[in-house]
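Colleague: Here you go, one structure.
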Amino acid sequence: MVEIGCKIIQDLLPLFIHGLTCDESIKTINEHLNKCDKCSQVYEALSEDINMEGNLISMGTNCSYSKLQKKIINIIYGMVGVTLIIGILMGVSTVILFK
Ligand SMILES: [Zn+2]
């Protein structure tokens, strides 16, 4: 089994608490939390915060990355689109200015 660092575990904890991690990740995080006091403290603090928001902790059985992935892909496409438009505008204005 690959040992995963505390930083990565703590990075994944919000997703883990929201049930957005895969079975494999859930297993790895649970194993890490069992032997790492630091991370289990972070986990408890985070899950308390989330419980106060009224969200349920769902121990997801399926991978539910798709929603998050779609959001990220939309943001990336938006950024690429804006960059392209700026590039085209700059290209056009350079051609006009230096004719
Ligand atoms: Zn740890």
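Colleague: What number of residues within region 49-65 are modelled with pLDDT of 60 or more and either surrounded by 10 or more Cβ atoms within 10 Å (Cβ to Cβ) or not assigned by TED's automatic domain parsing to the domain that holds P14 (or both)?
Modeller: 4
Colleague: Cβ contacts < 8 Å: first residue assigned to a helix (DSSP H, G or I), restricted to region 26-41; second residue among the hydroxyl-bearing types (S, T, Y) and within 11 Å of the ligand (Cβ to nearest atom), any location; separation 6+ or different chain. Result?
Modeller: L33/S40; L33/Y43; N34/S40
The values are calculated or read from the model by the stated rules, or taken from the named source; none is laboratory data. Quick caveat, the model's predicted, so the values are computed rather than measured. Cβ coordinates were reconstructed from backbone atoms using ideal geometry, including for glycine residues, and neighbour counts include every protein chain displayed.
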